[in-house]
Structures are given as C-alpha cells and as structure tokens.
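Engineer: Can you read through this structure? Questions will come right after.
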Amino acid sequence: MEITGVYATPGYSGFFFDDQRAIKQGATQDGFTYEGEPVTEGFDEIRQAGESIIVDIELADGSVVRGDCAAVQYSGAGGRDPLFKADEYAPVIEGPVADELEGRDATDFLSNAELLEEMRVEGDRLHTAIRYGVSQALLAAAGSATGATRTDVVADALGTEPATEPVPVFGQSGDDRYTNTEKMFVKGVPVLPHALINSVEKIGEDGETLLEYVEWLTRRSQELGPEGYEPRFHIDVYGMIGEIFDAPYDRDEVVEYFAALEEAAAPYPIQIEGPMDVGNREDQIAAMVELRQGLAEANVGVDIVADEWCNTFEDVQAFVDAEAADVVQVKTPDLGGIHRSGQAVRYCEGTDTRAYLGGTCNETETSARACAHVALATNAAQVLAKPGMGFDEGYMIVENEMRRTIARRKREQLTADTDEVTADD
C-alpha cells in the first residue's frame, strides 16, 4: 500500500524546554519559571513552552496514521541537536520529506525509516526530532497496512522475539519528588523516582540531602507499596555528584558516598544516572569507567547510568564497548528514527550493560505509545513513563499500551493456534 501524503501540524509537547546550562549555572526559580538570561543558543527564555509537530501520513486506502516530532527537555545540551522550533521545521516535513516518502510502499518500515535517517536537506541531516516523529508515523503506517501490531512490525524489522509481559516502567517525579513518588509506591511502579536532582541545593553541599531522600524512599516504599513490592530506585543527578566531589572518581571519598547511597537504599537496588558531566563524550566515558571500576573494587553495588553525551546510536555503542555504565539510557528523541532506538537496545544484548529505553517528559502521548512498542519488541530492561511531569498520565499511557498490545498478541496467537488445529482436523 502506497504512502499518498505527508502532513505536518505544529503543536505542543508534554512539558517544557529548559536551558540546562543556565540552570546549572545558578538560575533561580520564580514560581514555575526561572529568572535570568538564557545561555544556550536558540532559547528566548530559560524555560519556554515545549513544541512538537504532529505528522500525519495518508495511505492509498484513505486511512491516516500519526507520529509526533518531539525533542528533549534539555535541548541543545550535552551534544544534542539545537532547540526544536515547530514553525521552522514543519515546512521541511511537508516539502523535502514528503517528496521522498510519497509513493513508497508503507509496509516496508525499515527501508522507509533508513531512507529518512540518511536524508540530507541542503547538505544537513534532518533534525533528530523530525526523524523521530516521521519514523513513528512510518511505523504506524506499516502496522495499518499489514494489520500487525507496531510491536510486531519492529520485531520483524529488527529480528527480535517480543516480550510477553510488560517491560518494567520507570516513573519520573519531577520536582514534586515526595508526593509523586508516594503515588508511584501506591501503584507499585517497578522503577522510580528519577527525582530531578539538578542543583547543589537538591543534592546537598556534601550529598547529605540526597542521602536523606534515599532513606525516605526506602521507608516510605515499605509503608505504601503493595504486598511483596520490591522497587528499584533510579535517581538522575544531572552531573551533580561530579559538581560536589570532582575527579578522580575512584578515590575513597567518592566511593564511600556511593556506599552510603547503597546502604540508604537497602534492601532495594539503586542506580544513579549521570553522576558527572565533564563536557564531551571521550572524557565522560573515561570518568564513568573510573567511577565504575572504583565501585567494583570496593564491592559497592550501586549501578551507574549513562545519559549525558550518550545521545546517538554511535554514542551508545561507545559507552557499551568501553564498559562505562551498568545501564545506558537510549534517549529516544536524540537517536532520531525510532528504529535506531530499537537497534541501540539490541546492541546491549550479550553485554554487561542493560538498556533503558528512555526519552523525555517533553514528548507526547503519541510518541510515548510508539516507544512502548519498541520496548516490547526489544524486551528492554526498563522504559520511561512519559510524557509530562505529573507521573500518573505518563504511567497510564505507557503501561496500558503495553498491556493492550500483549493482550491483542495473545488473542491473535490463540486464533492462529485454533485455526491450525482446525486445518489439521
């Protein structure tokens, strides 16, 4: 079935764009916004409304499917593509992108997605957000044209066996790190709470504030969680451990702090995302390796998660090959085409590195559902609840999409098995 039209409509995303550099340099909050001037190119304010582009692909039978272009909250930081402005990029989708895709066979998802990935406009690759959103629509088009679930389309493209149970969902609390986390405990969320520890104030000058918070997590999870609840704590510190301790990261002072985090979390496992941000990929990998080796030598069981400077598929490969992390975040909008996220998860297979299919609070419900299918198709270690920072909505969207898809696949398999028995009779 042919693709007959590609259309782009500017829209909103599930959160905001934040100038991470300005915040880390000490910008103060003024209610929900920040005071001061932005420092990252493209920003008009330190916090500004998140944008998306709604991509509609029309098929020859008249059906229309959708994907959403979106970029991460901290656009322009850590080696990422620049700030994503919908009005600027919508004409690219309805122009050069549409010209390439119209007339192509919608059932050939991987070929179409790879074409998009390699496409150049005036010598430049398409913004990662464009590749992300249009590839979601291409995935939906293949599912619509073949009658298959998007999970099965991805699995067929990547040669995987899909998960038969929902992938563990990682809930993010935003700055409301107590109330939202209590919601997660009540619902028995398997991985939590993110906690948004992005300033010295939130971690403590010596790390004491974070330690107190982890102790609270352990105690409150036991008070509120369902029977048999065994959460995994995952906290994103946005490089703040590096800010308060600095290199070298394998010295006793740093290792002892991680040991204190492990003790505070016991009996539950804990993993720390982005322990430092040293400014480029090569040095980031070296710092992560140094920390990981120091923890291993001291028998400290805190896992570290790669985020900053781990943006592209090639970045994921570099971190995995260097054994620089226990977990790598596959930050879906930063990898471009959604199939690239699936390939990045697969790259972790057979290594000591687990794949966390992440993304950002600044996506949409459409991109979140698409990622749920990638998580199932590749059986990732965990998948982010998104979009937004309210927790409940994102958790519902991702968890329910996986449950619905698993139920549908089981029904289809039961029907196929019944038909096979009938045919044999």
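Engineer: Restricted to Cα positions, what overall size does region 291-342 have along the principal axes? Three whole-Å values, descending.
Structural biologist: Largest first, region 291-342 extends 40, 17, 16 Å along its Cα principal axes.
Engineer: Please report, as a whole percent, how much of the solvent-accessible surface of region 19-120 comes from carbon and sulfur atoms (probe radius 1.4 Å).
Structural biologist: Roughly 42 percent, rounded to a whole number.
Engineer: Further question: Checking the cross-link filter: which lysines have an alpha carbon closer than 17 Å to that of Lys183, excluding same-chain neighbours under 8 positions apart?
Structural biologist: Lys386
Engineer: For the full complex of protein chains and a 1.4 angstrom probe, list Asp124, Asp56 by accessible area with the highest value first. Let's see the in-between values first.
Structural biologist: Working: Asp124 100, Asp56 50 Å².
Result, largest first: Asp124, Asp56.
Engineer: Here is a follow-up. For region 72-174, what Kirkwood radius comes out of the mean inverse Cα-Cα distance, in Å?
Structural biologist: Value: 15.7 Å, from the Cα pair sum.
Engineer: Another one. Quick one: accessible area per residue over the chain, 1.4 Å probe, rounded to a whole number of Å²?
Structural biologist: 40
Engineer: Right, something else. Write out the trypsin sites (Lys or Arg not before Pro) in region 204-253 meeting two conditions: DSSP loop, and at most 16 other Cβ atoms within 10 Å of their Cβ.
Structural biologist: Taking region 204-253 and a limit of 16 other Cβ atoms within 10 Å, the loop trypsin sites (Lys or Arg not before Pro) found are Arg251.
Engineer: Do any GluC sites (Glu not before Pro) in region 11-73 lie in a DSSP loop with no more than 16 other beta carbon atoms within 10 Å, and if so, which?
Structural biologist: For GluC sites (Glu not before Pro) across region 11-73 that sit outside H, G, I, E and B with at most 16 neighbouring Cβ atoms in 10 Å, the list reads Glu35, Glu41, Glu45.
Engineer: Sticking with this one: Give, as a single signed number, the net charge of other residues whose beta carbon lies under 12 Å from the beta carbon of Val154, with Lys and Arg counted +1 and Asp and Glu -1.
Structural biologist: 0
Engineer: Continuing with the same structure: For region 1-74, which chymotrypsin sites (Phe, Trp or Tyr not before Pro) pass both filters: DSSP loop (anything but H, G, I, E, B) and at most 16 other C-beta atoms within 10 Å?
Structural biologist: Values: sites: Tyr7, Tyr12, Phe15, Phe16, Phe17, Phe32, Tyr34, Phe43, Tyr74; in loops: Phe32, Phe43, Tyr74.
Sites meeting the loop and neighbour criteria: Phe32.
Engineer: At what distance in angstrom do the alpha carbon centres of region 144-194 and region 256-292 lie from each other?
Structural biologist: When both Cα centres are located, 24 Å separates them.
Engineer: At what distance in nm do the modelled label points of Asp156 and Glu201 sit from each other, each positioned 7 Å from its Cα along Cα→Cβ?
Structural biologist: So the two model labels end up 5.3 nm from each other.
Engineer: Based on alpha-carbon positions alone, could you give the equivalent ellipsoid semi-axes of region 1-155 from the gyration tensor, as √(5λ), descending, whole Å?
Structural biologist: Equivalent ellipsoid semi-axes, largest first: 34, 15, 13 Å.
Engineer: In square nanometres, what is the average projected area of the Cα convex hull of region 329-417?
Structural biologist: It is 6.4 nm².
Engineer: Then there is this: Hey, could you get me the Stokes-Einstein D for region 97-241, Kirkwood radius over alpha-carbon pairs, 25 °C and 0.890 mPa s, rounded to whole µm² s⁻¹?
Structural biologist: Result for D is 131 µm²/s.
Engineer: What is region 274-377 by shape, rounded, prolate or oblate, if you read a ≥ b ≥ c off the alpha carbon gyration tensor as root eigenvalues and call it rounded for a/c under 1.5, prolate for a/b larger than b/c, and oblate otherwise?
Structural biologist: prolate
Engineer: To the nearest 500 deg cm²/dmol, what mean residue ellipticity at 222 nm is calculated for the chain from DSSP H runs of n ≥ 4 alone, each contributing -39,500 (n - 2.57), summed and divided by the residues?
Structural biologist: Only helices count here, giving -13500 deg cm²/dmol.
Engineer: To one decimal place, what Kirkwood hydrodynamic radius in Å is obtained for region 47-91 from all pairs of distinct Cα atoms?
Structural biologist: Its Kirkwood hydrodynamic radius stands at 12.3 Å.
Engineer: Additional query: Of the listed peptides 315-322, 203-210, what is their order by residue-averaged count of other C-beta atoms within 10 Å, with the highest listed first?
Structural biologist: 315-322, 203-210
Engineer: Can you list, bin by bin at 5 Å, the percent of alpha carbon pairs in region 104-146, starting at 0?
Structural biologist: 5, 26, 30, 19, 13, 5, 1
Engineer: Another one. If you take the alpha carbon radius of gyration of the chain and divide it by 2.2 N^0.38 Å, what ratio comes out, to two decimals?
Structural biologist: 0.98
The values are calculated or read from the model by the stated rules, or taken from the named source; none is laboratory data. Fair warning: this is a prediction, and the values are worked out from it, not measured in the lab. Heads up, the Cβs are rebuilt from the backbone with ideal geometry, glycines too, and the neighbour counts pull from every protein chain shown. Just so you know, the surface numbers come from the protein's heavy atoms only, side chains and all, with ligands and any DNA or RNA stripped out. Shrake-Rupley method; radii C 1.70, N 1.55, O 1.52, S 1.80 Å.
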